[in-house]
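Chemist: To start, I am sharing the structure in question, which I have written as structure tokens.
Laboratory data are not the source of any read-out in this text; all were calculated from the coordinates shown. The model shown is predicted, which means the values in this text are computed figures rather than measured ones. Note: ideal-geometry Cβ built from the backbone for every residue, glycine included; neighbour counts use all protein chains shown.
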Amino acid sequence: MARVQKLAAVFSALAGGAIAAGGWPGLHLVLVAALDAIPLVFLVIGVLALISTLAPPGSWWGPALVIAVGAFLLARQSGQISGAWLQDAAAPTLNGERS
């Protein structure tokens, strides 16, 4: 029961902060953004659960894999990596030939 109360306290603080910063429209924007992020949250939770299952306790490669993937995605999102090489390697062209 204590976890539920802590979770409710965190959500209350987030809602109060959104209302204080932007009024009721600010809370609406935060809720819309949270609803849009739900699939990503489920994906992250699933990946973390899978890594915690596969990596033995005390190992370093599970967290290192998460850090490496996160760093790659951040670099690609910020434009440091174009991602064209990944598309060329992973996806064939429309006529089935590779360039």
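Chemist: Peptides 21-31, 39-49: what's the order by average Cβ count within 10 Å, highest mean first?
Modeler: Order by mean packing, descending: 21-31, 39-49.
Chemist: Separate question: To one decimal place, what orientation-averaged projected area in nm² is obtained for the convex hull of the Cα set of segment 1-55?
Modeler: The orientation-averaged projected area of the Cα hull of segment 1-55 comes to 4.9 nm².
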